[in-house]
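For reference, the structure is listed below as structure tokens.
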Amino acid sequence: MKNLSNKHKTTLLYGVLFGYVLSFVFEGRVYFQATKLLSYDTSNQMLMAMFCHMIGLLATGILVKRRRSTKQVMFFTILACIILTPFFLFSNMLVGYLIIAFTSFLSGMAVACWADYYKECVQPEARMTTIANSLIIANLLMILAGLIATYLSIYGSFILISLYLVVALCTLVSFDNEYSCADIYELQKLSHSQIHTLCLFFAFVVVATIDSGLMYGVINLKYEVFSYLTSWFWAIPYIIAILIMKSSYEKKKESYFLYIAFCMIGMGFIFNLLLPFSAISYIVIDIFLLGAAGIIDLFWASKVGESFEYLKNPVRVLSVGWAANVFGVFIGGILSKKVISSKFDDKDLVIMALIVIAISLILLPEMLKRLYLLLESTKCIDSYKEQSEVQKKEFACCIPNYENLTNREKEILQQILLGKTNKDISLELSISENTVKTHVRNILSKYGVTNRAQLINIIWQKEH
């Protein structure tokens, strides 16, 4: 591992760590084969595991505020998972519940802490490729562990997923420490516009992944008899979709990919209704549903990586993003239980899936508009901040009178562009602070924006 760069170590770290999560704690085939061997009742255990994983993600985002802490938390949570996981095979049902709960929670903490490496070791333009490669590695490792659990030895599969964690631990220890800058994550107050955009984005992630929970809980269970297919094929379309999206990625085409993905989800559930029960039907349905899941997952995961440039605590951002994804699957799992227990037919399942798709499509245009505006404005503001004081003064003095500003408003605009507060401006121009606030409101109104960040962004874009 010494020959690997920190960027490649970041990819490997997440790949093997998430390979363990997908194989065991997150509805993994290794877990299901173990519960069959032990005759455990899994009706509620998997929902409990997802909930604990989500809480682990969110708790880390709230509690971890120092870069120095991320490596320590990752180290001890991964080590604890290595110790606890094998005991699942040699325990009663109660102890098994506790082990799956703790490993789900701890692995959630480890995944959230990975965000620090994702931000510091990977350049912004390479983050989409990094997360794509990590997801591919994780799914390939999940397939391998599932095949061993199904056809060779459940004990061998537990050894393998424990080795995944060992590799993750060795990779973590091998990181160069020079990448880390300030020890404490910079505190940041978000504007109302930023908060609304992020809430809309995370709401979209939740809704968009509900159908994945329905697929795991209903369709996968329905076709479980074709174990020679379900043990390995179900993740292949997911991997292929990520490879296609990664190789043909253009920001202008992201929305097309998403609309295609939702069409694929709808077609997958409709095919589940119309096609006869067979292995061929499973292949067709799985291609549509898992291919769509790959597109959606890569989209929102890459956007989380892009947001690191303006949200200073990457652990918090990633923890909320991943928790939103898990929460969506969790809701889908609850709905799946309702479908199975109420003996709904496939028509009801299609209607439920199409309702989720409709809500997603309602959220999608506004979410994309706000998200792109936020990310682009951040880049402009960052470029502006990188200018020297002399350059800022030159820029402020040369602003054309775009919006018919009065002379006083132009003076105040120049002060805003120099980074002055209302109090600073009032002292500089010998006017009251309330007068400054009135002029600032007028300036924002004339430019059609709601805050100073948007004002700087729109002026910077016009000049560059």
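The values are calculated or read from the model by the stated rules, or taken from the named source; none is laboratory data. Keep in mind that what you see is a predicted model, and the values were worked out from it rather than measured. Because the Cβ atoms are built from the backbone with ideal geometry, glycine has one as well, and the counts that use them run over all protein chains shown.
Being over 26 Å from E224 (Cβ atoms) and in contact with a Phe, Trp or Tyr (Cβ under 6 Å, 6 or more places away or on another chain) narrows it down to one of L79, L57, so name that one. L57 is the lone residue from the list that is over 26 Å from E224 (Cβ atoms) and in contact with a Phe, Trp or Tyr (Cβ under 6 Å, 6 or more places away or on another chain).
When N272 is tested against (1) closer than 30 Å to K65 by Cα; (2) part of a helix (DSSP H, G or I), just one condition goes unmet, and that condition is (1).
Listed here are the residues, each with its yes/no results for (1) at pLDDT below 60; (2) closer than 27 Å to A301 by Cα; (3) β-branched (V, I, T); (4) surrounded by 15 or more Cβ atoms within 10 Å (Cβ to Cβ).
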site	(1), (2), (3), (4)
L349	no, no, no, yes
V356	no, yes, yes, yes
P365	no, yes, no, no
L368	no, yes, no, yes
Y372	no, yes, no, yes
K392	yes, no, no, yes
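Of everything in region 275-295, what is part of a helix (DSSP H, G or I) and of a type in the set (S, T, Y)? Give them in sequence order. Once the filter is applied, which keeps residues that are part of a helix (DSSP H, G or I) and of a type in the set (S, T, Y), region 275-295 yields S281, Y282. For the residues G146, G156, the requirement of being outside the structural domain of W322 (by TED's automatic domain parsing), in a helix (DSSP H, G or I) and crowded, with 18+ Cβ neighbours inside 10 Å singles out G146. Step by step: first the residues of region 214-236, then only those that are among the small types (G, A, S) and closer than 15 Å to V30 by Cα, then the one that is modelled with the highest pLDDT. Which residue is that? For region 214-236, the residue satisfying everything is A235.
Table: residues versus (1) crowded, with 18+ Cβ neighbours inside 10 Å; (2) in contact with a Ser or Thr (Cβ under 6 Å, 6 or more places away or on another chain); (3) in a helix (DSSP H, G or I).
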residue	(1), (2), (3)
L89	no, no, yes
S107	yes, no, yes
C113	yes, yes, yes
A126	no, no, yes
L135	yes, no, yes
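Looking only at residues of region 396-443 that are among the small types (G, A, S) and modelled with pLDDT of 80 or more, we find that the one that is nearest to L455 (Cα to Cα) is S426. Residue pairs whose Cβ atoms lie under 9 Å apart, sitting 6 or more positions apart in sequence or on different chains, and linking a residue in region 25-38 that is within 17 Å of L221 (Cβ to Cβ) and at pLDDT below 80 to a partner that is crowded, with 18+ Cβ neighbours inside 10 Å and of a type in the set (F, W, Y), are E27/Y216. A count restricted to region 41-57 and to residues that are of a type in the set (A, V, I, L, M, F, W, C) and either touching a His at 6+ places or on another chain (Cβ under 9 Å) or surrounded by fewer than 19 Cβ atoms within 10 Å (Cβ to Cβ) (or both) stands at 3. G321 passes every criterion in (1) modelled with pLDDT of 85 or more; (2) closer than 15 Å to G213 by Cα apart from (2).
Yes/no matrix, rows are residues, columns are (1) crowded, with 22+ Cβ neighbours inside 10 Å; (2) within 23 Å of the chain's Cα centre (by Cα):
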| residue | (1), (2) |
| --- | --- |
| Y216 | no, yes |
| I219 | yes, no |
| S227 | no, no |
| I244 | no, yes |
| S247 | no, yes |
| C263 | no, yes |
| M267 | no, no |
